[in-house]
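Have a look at the structure below, then the notes.
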Amino acid sequence: MHDRELGWVMGVIDGEGSVLLGPTKSGRSPRLMVPSTDRALLVRLKELAGGYICPRTDKRKHTDWAWTWVLSANPTLDLLRVGWQLLRVPQKRNRAKLLVESWKYGITPAEKAAVAERFFAISDEKLSRKTTSKVQAKEAIAA
């Protein structure tokens, strides 16, 4: 993949996607996901980075047809190793960096659990700051 293509892939993930630790039979595994109503966008992601495209299972009548591009396990790590620095959303960048630095091939279940705890704490920190800010704002208004 050329630098320009890598930049485009990471930009789509940064803007529309998620850096995840998804459930598997053996615990959790790194995963990248991008949902979209634009199937052509997802087809291009698949051409450049691999993975697969699956239809969204939301059955509500008022929603457009949508798909999700998914990249799982080792291919996720391979992509993040070359592109995590291009992510700009702090939560995604920090989660990707943690996976690149800590999730090695042959990682043990105990190591997976430790990384998962740190991984999910990244989003918890963000939520805690947001909640604290809201509480502080309400207290300031009440005072």
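The values are calculated or read from the model by the stated rules, or taken from the named source; none is laboratory data. Keep in mind that this is a model prediction, so the values were computed, not measured. Reconstructed Cβ throughout: ideal geometry from the backbone, glycine too, with neighbour counts over all protein chains shown.
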Looking at this structure, is Leu87 over 24 Å from Val115 (Cα atoms), surrounded by 16 or more Cβ atoms within 10 Å (Cβ to Cβ) and of a type in the set (A, V, I, L, M, F, W, C)?
no
Please state which of the following conditions Ala73 fails to meet, knowing it meets all the rest: (1) touching a residue at least 40 places away in the same chain (Cβ under 8 Å); (2) under 24 Å from Phe119 (Cα atoms); (3) surrounded by fewer than 15 Cβ atoms within 10 Å (Cβ to Cβ); (4) in contact with a helix residue (DSSP H, G or I) (Cβ under 9 Å, 6 or more places away or on another chain).
(4)
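Return the residue satisfying two criteria in turn: it lies in segment 3-35 and is among the hydroxyl-bearing types (Ser, Thr, Tyr) and either under 8 Å from the mean Cα position of the chain (by Cα) or over 16 Å from Arg95 (Cα atoms) (or both), and of such residues it is surrounded by the most Cβ atoms within 10 Å (Cβ to Cβ). Steps first, please.
Step one: list which residues in segment 3-35 are among the hydroxyl-bearing types (Ser, Thr, Tyr), which gives 18, 24, 26, 29.
Next cut, either under 8 Å from the mean Cα position of the chain (by Cα) or over 16 Å from Arg95 (Cα atoms) (or both) only: 18, 24, 26.
Values: Ser18: 15, Thr24: 12, Ser26: 8.
Checking each candidate, the answer is Ser18.
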State whether the residues of segment 106-114 include one that is farther than 17 Å from Ser18 by Cα, surrounded by 15 or more Cβ atoms within 10 Å (Cβ to Cβ) and either touching a residue at least 24 places away in the same chain (Cβ under 8 Å) or not aliphatic (A, V, I, L, M) (or both).
yes
Residues satisfying the stated conditions in segment 47-73, i.e. modelled with pLDDT of 95 or more, in contact with a Phe, Trp or Tyr (Cβ under 9 Å, 6 or more places away or on another chain) and part of a loop (DSSP other than H, G, I, E, B):
Gly51
Residue pairs, Cβ under 9 Å, 6 or more apart or interchain, first in segment 21-46 and assigned to a loop (DSSP other than H, G, I, E, B), second surrounded by fewer than 12 Cβ atoms within 10 Å (Cβ to Cβ). List them.
Ser26/Pro109; Thr37/Thr63; Thr37/Asp64; Thr37/Trp65
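Inspect all residues belonging to segment 16-32 and state whether any of them is in contact with a Cys (Cβ under 8 Å, 6 or more places away or on another chain) and either at pLDDT 95 or above or among the aromatic types (Phe, Trp, Tyr) (or both). Lay out the reasoning, then the answer.
Step one: of segment 16-32, the residues in contact with a Cys (Cβ under 8 Å, 6 or more places away or on another chain) are none.
Checked against the condition, which is being in contact with a Cys (Cβ under 8 Å, 6 or more places away or on another chain) and either at pLDDT 95 or above or among the aromatic types (Phe, Trp, Tyr) (or both), segment 16-32 yields no hits at all.
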